[in-house]
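Asks: Provided herewith is a single structure, encoded as structure tokens, for subsequent inquiry.
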Amino acid sequence: MTGTAIIIVALIVALVFLVIIVNVMQQQKERQNAERRTEVARQKAIIDETEDVILLSSKMPMSKQLMRVLMARVANALQAWQKVQSSDDVNRRLKDINNQLSNVDKGYSEISERSFQVPDNEQHAIALLQGLKKLRLLIRAEHNKGLVSPSIFVEEEKRIDRLLIRINLENLMSRATSSLLTKQHGSCRQMLDKAETVIANVTVPDEYIAGKIEQINGIRSQLDAITRKVEEENQEKLKRKSDEDDLIFNKKKW
């Protein structure tokens, strides 16, 4: 093999080797970009779901401690996003959430449980229930990471339980009252039975629960009174029918 041929073969081998290296590097770059996009999408999902829950603070009780946990979750997600894909928007949002974290003790006003009003609109009430369930999942996730102290975790779990019970009870009692007004007595009793089942699972009843028990008993008394009245009216109808039958029978005898 001549020197020229050797050079040509060497160049071909080098070119093939270069192509292989370029392809490997391109594949690696594409894989890294795909992983980066996946990570960004994951962090964006964390931020979106957490911010949705934070918005609930304007509609229901949420403590300062819990707000700090949620804001810190957003901040951590933004930091993870920043590491894989930094941008002016991410940097600005991270700065904003850190400022909010610093000011949460000064500028955050919590809705008290005592003043909390369950929405009259059933769809809004259902949205709150779904939000509370999502909030519970977030708290547990942060607690499992060691980012929520056991005392705060237990306190917030109890608060969520109370709010879930309250929303359920208000919804059931509203439907029971509506059924009573529309004379759907069977549906009314079903709602009251469900409300009593919810109350039976309350481990530490409070004034609110006592008030609901009184309300349930009051509606049951109304239902019992209606039932007695219907029975009396039916008995009166039967008596009149019997008297009419006797009168007709006596006339026929004559």
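Asks: Would it be correct to say that ASN99 is loosely packed, with under 14 Cβ neighbours inside 10 Å, modelled with pLDDT under 85, over 23 Å from the mean Cα position of the chain (by Cα) and over 22 Å from GLU157 (Cα atoms)?
Replies: Judged against the criteria, ASN99 is not a match.
Asks: Could I ask something else about it? Every residue in the stretch 165-188 that is part of a helix (DSSP H, G or I) and among the hydroxyl-bearing types (Ser, Thr, Tyr), please.
Replies: Of everything in the stretch 165-188, those that are part of a helix (DSSP H, G or I) and among the hydroxyl-bearing types (Ser, Thr, Tyr) turn out to be SER174, THR177, SER178, SER179, SER187.
Asks: Are there any pairs, at least 6 apart or on different chains, whose C-beta atoms fall under 8 Å, with the first in the stretch 184-201 and under 12 Å from ILE226 (Cβ atoms) and basic (Lys, Arg) and the second at pLDDT below 95 and surrounded by fewer than 15 Cβ atoms within 10 Å (Cβ to Cβ), and if so, which?
Replies: Qualifying pairs under 8 Å: none.
Asks: Let me ask you something else. Looking only at the stretch 112-136, which residues are more than 9 Å from the chain's Cα centre (by Cα) and either part of a helix (DSSP H, G or I) or closer than 25 Å to VAL74 by Cα (or both)?
Replies: SER112, GLU122, GLN123, HIS124, ALA125
Asks: Same structure again: Could you say whether any residue in the stretch 72-79 is in contact with a helix residue (DSSP H, G or I) (Cβ under 7 Å, 6 or more places away or on another chain), surrounded by fewer than 16 Cβ atoms within 10 Å (Cβ to Cβ) and either outside the structural domain of GLY131 (by TED's automatic domain parsing) or not in a helix (DSSP H, G or I) (or both)?
Replies: yes
Asks: Here is a list of conditions, (1) without any contact (Cβ under 8 Å) to a residue 60 or more places away in the chain; (2) among the hydroxyl-bearing types (Ser, Thr, Tyr); (3) in a helix (DSSP H, G or I), and SER86 meets all of them except one; can you say which number that is?
Replies: Going through (1) without any contact (Cβ under 8 Å) to a residue 60 or more places away in the chain; (2) among the hydroxyl-bearing types (Ser, Thr, Tyr); (3) in a helix (DSSP H, G or I) one by one, SER86 breaks only (3).
Asks: Taking only pairs six or more apart or across chains, which ones have beta-carbon atoms under 6 Å, a first residue in the stretch 43-58 that is touching a residue at least 24 places away in the same chain (Cβ under 8 Å) and surrounded by fewer than 17 Cβ atoms within 10 Å (Cβ to Cβ), and a second residue that is assigned to a helix (DSSP H, G or I) and among the acidic types (Asp, Glu)?
Replies: none
Asks: Could I ask something else about it? With the structure loaded, tell me whether GLY131 is in contact with a helix residue (DSSP H, G or I) (Cβ under 9 Å, 6 or more places away or on another chain) and assigned by TED's automatic domain parsing to the domain that holds ALA41 or whether it fails that test.
Replies: So GLY131 does not fit the description; no.
Asks: Does the stretch 137-161 hold any residues that are outside any helix (DSSP H, G or I), surrounded by fewer than 18 Cβ atoms within 10 Å (Cβ to Cβ) and touching a residue at least 12 places away in the same chain (Cβ under 8 Å), and which are they?
Replies: Across the stretch 137-161, the qualifying residue is only LEU147.
The values are calculated or read from the model by the stated rules, or taken from the named source; none is laboratory data. Just so it is clear, the model here is predicted, and its values are computed rather than measured. Note: ideal-geometry Cβ built from the backbone for every residue, glycine included; neighbour counts use all protein chains shown.
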